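What follows is a single structure, written as structure tokens, with notes after it.
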Amino acid sequence: MIKAKRGTKDILPCDILTWQTVESRARELFQNANYKEIRTPIFEDTALFKRGVGDSTDIVNKEMYTFTVGSNEDSITLRPENTAGVVRSYIEHNMERFSFPVKLWYFGPMFRYERPQAGRQRQFHQIGLEMFGISNPAADAEVIILACEFLKANGIKDLTVSLNSLGCPNCRNMYKEKIKKVLTPYLDNLCDDCKIRYQKNPLRMLDCKNEDCKKIFENKDVKNVVTEDFICPDCREHFEEVKKYLSCACVNFEIDKMLVRGLDYYTRTVFEIKSNSLGSQNAILGGGRYDGLVEMLGGKPAPAVGFALGVERLVSLIEKTEDKKLDYFVVTKFPEIGIKTVTMLRKKGFSADFDMQSRKFAKQLEKAAKIALFALIIDENELEGKFYTLKNLQTGEQTKVYDIENAN
């Protein structure tokens, strides 16, 4: 028997309504805030992710599904995240000609070759949004507020925003050099990944999950550098404004100097949202500002900010949406009558089905009671009298009806 590949999962009919509910909540909330949906290709030129996501990230170094195709041996990659693809689309379609801000949101599958675990698959789905063209801290605050509102709309409670500023390229470069200097004595004890990050992007070391590296970062001398307030006056003012706006919106937040996120393109504000009721694995959503990414990928300079969340993780945390029952189940031993009646009902906007096997009435009624609100019984007597017998499957009450439009 051929089974689904490791790291992929079927979304079965018993679960799909929950997924549809999550997506509809995203669509309603984001469109009410003037975000327009965008759908980008599942695969892109590999260079997009190497340049956009960053060659010091685990995503680019270890987790991408990359293929060489065609006579030209083009290198393509299944998208491991969607911000780079949305930015590529923003540039390609000259969206800077629109009035700012340009607000976009998306939903779709992503692909990363990583160890499968609960709520994390190799094919997974993300919901996210991106805002282009606004450098004002109000944009950062709106994105964070919308992220919180989306989680609340899905029943996730007791939220806290972990917040940090990575500064601009100027102040961040000085900070990187300080981190490299203080970590030089410990270099031999760092994991192989952190040794690479030490050269390419020292900030990414702070996101390392290796326990030995974590202990080094907890060392007093290292921690003093990591937690110092290194950002320049402009970045500090921006960060203070973000915090002020969040306070105005009654958003709970905490400052986490170790928060750097897992992608190289972030600048200034980065954030994660956690639920304090979920135990140690409490981070649900993350994002931040990436003011240099549009220019890095070949567009005109444009500030940008956004977030993304894993839908599998969210669905595992929320209450399952129960499937609605059909309006009618047609009970008849005449298939031609059954199909004619359900077709008529469906055209009138009702949900309806019938038993295609023409089983005994008792079996049909047994099935109807499980999946429908009403049974519409059509036997010889009904055909002769040109009426229907309508049975309320909740109360057991039966009535004769002659006009199906008024049957319920």
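Of the trypsin sites (Lys or Arg not before Pro) found in the stretch 356-391, those that fall in a DSSP loop while having at most 14 other beta-carbon atoms within 10 Å are 359, 360, 386. Taking a Cβ cut-off of under 10 Å around residue 133, the surrounding Lys, Arg, Asp and Glu residues balance to a net charge of 0, with basic ones at +1 and acidic ones at -1. For the pair residue 47 and residue 346, the difference between a 0.36 nm per residue extended length and the Cα-Cα distance amounts to 102.7 nm. Over the chain, what percent of the accessible surface lies on carbon and sulfur atoms, probe 1.4 Å? Result for the chain: 49 percent of the exposed heavy-atom area is carbon or sulfur. Per residue, the stretch 83-186 exposes 41 Å² of accessible surface when a 1.4 Å probe is rolled over the protein heavy atoms with every protein chain present. The chymotrypsin sites (Phe, Trp or Tyr not before Pro) of the stretch 1-104 that meet both conditions, a loop assignment by DSSP and at most 16 other Cβ atoms within 10 Å of the site Cβ, are 98.
Just so you know, the Cα atoms of the stretch 282-334 work out to an Rg and Dmax of 23.0, 69 Å. For residue 243, a cut-off of 18 angstrom between C-alpha atoms picks up these lysines, skipping any fewer than 8 places away in its own chain: 257, 274. What the stretch 316-408 shows is 64 Å² of accessible area per residue, with the surface traced by a 1.4 Å probe over protein heavy atoms.
Using only the Cα atoms of the chain, construct the convex hull and provide its projected area averaged over every direction, in square nanometres to one decimal.
So the mean shadow area of the Cα hull is 27.6 nm².
Just so you know, the Cα atoms of the stretch 282-400 work out to an Rg and Dmax of 25.9, 76 Å. The C-alpha atoms of the chain define a longest principal axis, and helix 361-371 lies at about 30 degrees to it.
Could you tell me how many degrees, from 0 to 90 and to the nearest 10, lie between the Cα long axis of helix 335-347 and the main elongation axis, the longest principal axis, of the Cα atoms of the chain? On a 0 to 90 degree scale, this one is about 50.
The distance from the alpha carbon centre of the stretch 136-165 to that of the stretch 186-254 is 20 Å, rounded to a whole number. Along each principal axis, taking the top coordinate minus the bottom one, the Cα set of the stretch 70-225 gives 50, 48, 37 Å in descending order. Listed cross-link partners 157/244; 333/367; 324/363 are compared with a 19 Å cut-off, the Cα-Cα value being larger for 157/244; 324/363. In plain terms, the bigger the Kirkwood radius, the slower the diffusion; for the stretch 36-139, with that radius from Cα pairs, at 4 °C and 1.567 mPa s, Stokes-Einstein puts D at 87 µm²/s.
Between the Cα long axis of helix 169-183 and the first principal axis of the chain there is an angle of about 70°, rounded to the nearest 10. Cross-link partners of residue 370 among aspartates and glutamates, defined as those whose alpha carbon lies under 14 angstrom from its own and excluding same-chain residues fewer than eight positions apart: 322, 323, 327, 353, 355.
The accessible-area ordering, largest first, of the residues 291, 212 stands as 212, 291, per a 1.4 angstrom probe. The trypsin sites (Lys or Arg not before Pro) of the stretch 197-286 that DSSP puts in a loop, and whose beta carbon has at most 13 other beta carbons within 10 Å, are 209.
Pop the C-beta distance of residue 212 and residue 9 into the FRET formula with R0 = 35 Å and round what comes out to the nearest 0.05. For R0 = 35 Å, the calculated efficiency reads 0.60. Cross-link partners for residue 340 among the lysines, with Cα-Cα distance under 17 Å and sequence neighbours closer than 8 places in the same chain left out: 348, 386.
The values are calculated or read from the model by the stated rules, or taken from the named source; none is laboratory data. Bear in mind the structure is a predicted one, so any value in this text is a computation, not a measurement. When we count neighbours, we look across all protein chains shown, and the Cβ atoms used for this are built from the backbone with ideal geometry, even at glycine. Please note that ligands, DNA and RNA were not included when accessible areas were found on the heavy atoms of the full protein model with its side chains. Shrake-Rupley method; radii C 1.70, N 1.55, O 1.52, S 1.80 Å.
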